[in-house]
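Just below is one structure, and these are the notes that go with it.
The values are calculated or read from the model by the stated rules, or taken from the named source; none is laboratory data. Source: prediction; values computed, not measured. For neighbour counting, all protein chains shown are included, and Cβ atoms are generated from backbone atoms with ideal geometry for every residue, glycine included. Just the protein is used for accessible areas: all its heavy atoms, side chains included, with ligands, DNA and RNA removed. Shrake-Rupley method; radii C 1.70, N 1.55, O 1.52, S 1.80 Å.
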Amino acid sequence: MGMTMTQKILAAHAGLDHVEAGQLIQAKLDVVLGNDITTAVAIREFAKTGAKEVFDKDKVVIVLDHFTPNKDIKAAEQCKASRTFAWEKGITHFYDVGTMGIEHALLPEQGIVAPGEVIIGADSHTCTYGALGAFSTGIGSTDMAIGMATGETWFKVPSAIRFILTGKPAKWVSGKDIILHIIGMIGVDGARYRSMEFTGDGIQYLSMDNRLTIANMAIEAGAKNGIFPVDDITLAYVKVHTKKPVRVFEADPDAQYDETYTIDLSTLRPTVAYPHLPENTKTIDAAEQDHVVIDQAVIGSCTNGRLEDMKIAASILRGKKVNPRVRTIVIPGTQQIYLDCVRLGYVEDIVKAGAIFSTPTCGPCLGGHMGILAAGERAISTTNRNFVGRMGATTSEVYLASPAVAAASALAGYIVDPEKMAGGEN
């Protein structure tokens, strides 16, 4: 019986010729990641192991991104603990205010992750790096601690679902629309502890930024990981960003999949996830009929804070004004993205439109800071979750959408098709 792409990567890191779904394995790790929230907990567990040093100073990554710049005393203490640990252990890849970015935008940009690797992170959206052809998955702080100490962890080998993507997406249909469509189709538990493996000729039309968005939200379908094949787009990206070796794994022709879905990307429309689950999706056409008035628009996060997202938002906002009743917050994923936005004029376009441009941070995505919702308020957001109270008051509502839909809706004051507000620009 053949192996899937994920199974091949895990087998190689476990030193095995073959693995099967459900098998328990011990695998070597290429990257162990934590942020300011989860690292503070992992440090205490690390101390209990008796380890004096991390297994490899170049393979442990700590990014202070969730509540930074610190929003309160507790956040400051968490960051202080993480900072002190990173300095004491001599961790090479430590990112603080001034160098930090949203972790899942920062690691690919900095060349810390590469195709064929096994990556764990004490953050559920660590599955993002599957866009590069790596196995990456979120774990808890205790597992992070053991990973930092030993460089290994255990996995139950996941079975897989195959998504065959065909056709070319229409204008304004992005990776965010594709993954929301898929989650709406299979549900938030439709891929529970399984690998979501994306194939098909439609992948050639997806930029790396779009692939990162899709892999990022695999966890919102309950998946263990999401993963894309390594193609010319992948290789061009990693050539620019990393000097790490590239290991290419391909699924066997007779690999076993629990289910296979074929999705014609050319038929998709911009998609919105209504409160309070990412599976609660409607096309933009249905959403417009509902005339959902919004109080806030957020464009950013580890899902949609990359340069392509900023470009799309700026192209729609350029020369226009956001609705005076809509607080519009744009958050670049990294300092480099911030600088690129300044250089390309996106910051000026966004600020002149009446929006704000923030320092890189997770911010309001998890109800952290810089955009908390009051009771009864509604936000359209390019973030990844819209659970009850996710962005503030338990009676507030979050509608998930692409940067194009969010920017257009900020102008209109209600959820709207970007084609109607963009004047044909892209």
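Can I get the semi-axes of the range 103-149's equivalent ellipsoid? Compute them from the C-alpha gyration tensor as square roots of 5 times the eigenvalues, in angstrom, largest first. Spell out each step's value before the answer.
Values: eigenvalues 63, 22, 19 Å².
Result for the range 103-149: semi-axes of 18, 10, 10 Å.
In the complete set of protein chains, residue-level accessible area for S174 is approximately 20 Å², probe 1.4 angstrom.
Hey, could you get me the Stokes-Einstein D for the range 13-76, Kirkwood radius over alpha-carbon pairs, 10 °C and 1.306 mPa s, rounded to whole µm² s⁻¹?
Numbers: Rh = 14.5 Å.
D = 109 µm²/s.
Each residue of the range 334-342 was assigned a 3J(HN,Hα) from its phi angle through the Karplus curve 6.51 cos²θ - 1.76 cosθ + 1.60 (θ = phi - 60°); the sequence is 8, 5, 5, 4, 4, 4, 5, 5, 5 Hz, with glycine and proline shown as x.
For Cα pairs less than 8 Å apart in space and 6+ apart in sequence, what is the mean separation divided by the residue count of the range 229-308, i.e. the relative contact order in percent?
Numbers: 26 pairs, mean separation 11.5, N = 80.
Relative contact order here is 14 percent.
When the Gaussian network model of the chain links Cα atoms closer than 10 Å, the mean-square fluctuations of A131, A21, A407 top out at A21.
Using heavy-atom solvent-accessible surface (probe 1.4 Å) with all chains present, what is the largest-first order of Y399, Y261, Y237? Before the final figure, lay out each step's value.
Details: Y399 10, Y261 65, Y237 40 Å².
Per-residue accessible area, sorted high to low, gives Y261, Y237, Y399.
Placing R0 at 56 angstrom, the Cβ-Cβ distance between A375 and K243 gives a FRET efficiency of 0.65 after rounding to 0.05.
Show R83, R211, R327, R343 ordered by accessible area, largest first, where the area counts protein heavy atoms only and the probe is 1.4 Å.
On the way: R83 50, R211 0, R327 95, R343 160 Å².
Per-residue accessible area, sorted high to low, gives R343, R327, R83, R211.
Find how much the distance from D254 to K52 grows on full extension, using 0.36 nm per residue of separation minus their present alpha carbon separation; answer in nm with one decimal. Walk me through the intermediate numbers first.
On the way: separation 202, 0.36 × 202 = 72.72 nm, distance 4.56 nm.
Working it through step by step, the gained length comes to 68.2 nm.
Averaging sequence separations of C-alpha pairs under 8 Å and six or more residues apart, then dividing by the length of the range 122-235, give the relative contact order as a whole percent. Numbers along the way, then the final one.
Values: 209 pairs, mean separation 44.7, N = 114.
Answer for the range 122-235 is 39 percent.
If you take all other residues with their beta carbon under 15 Å from the beta carbon of L268, and give Lys and Arg +1 and Asp and Glu -1, the sum is 0. Between I356 and T150, the simple label model (points 7 Å from Cα in the Cβ direction) yields a spacing of 4.5 nm.
Which residue fluctuates most in the GNM of the chain (Cα springs below 10 Å): A122, A286, A218? Greatest mean-square fluctuation among the candidates belongs to A286. Each of M196, M421, M1 has its accessible area taken with a 1.4 Å probe; listed largest first, they run M1, M421, M196.
If a/c stays under 1.5 just call it rounded; otherwise compare a/b with b/c (prolate if a/b is bigger, oblate if not). Do that for the range 38-151, with a ≥ b ≥ c from the square roots of the Cα gyration tensor eigenvalues. Because a/c hits 1.5 or more and a/b fails to exceed b/c, the range 38-151 counts as oblate.
3J(HN,Hα) along the range 356-367, derived from phi through the Karplus expression 6.51 cos²θ - 1.76 cosθ + 1.60 where θ = phi - 60°, amounts to 10, 10, 9, 5, x, 5, 5, x, x, 3, 9, x Hz, with x in place of Gly and Pro. Relative to the Cα centre, the charge distribution of the chain, modelled as +1 at Lys and Arg Cβ and -1 at Asp and Glu Cβ, gives a dipole magnitude of about 900 debye. For the options A114, A287, A191, a Gaussian network treatment of the chain with springs between C-alpha atoms closer than 10 Å singles out A287 as fluctuating the most.
So if I average 1/r over every pair of distinct C-alpha atoms in the chain and take the inverse, what Kirkwood radius in Å does that give?
Numbers: mean 1/r = 0.0466 Å⁻¹.
Kirkwood hydrodynamic radius for the chain: 21.4 Å.
Helix content alone sets the calculated 222 nm mean residue ellipticity of the chain: runs of n ≥ 4 DSSP H residues at -39500 (n - 2.57) each, divided across all residues, give -9500 deg cm²/dmol.
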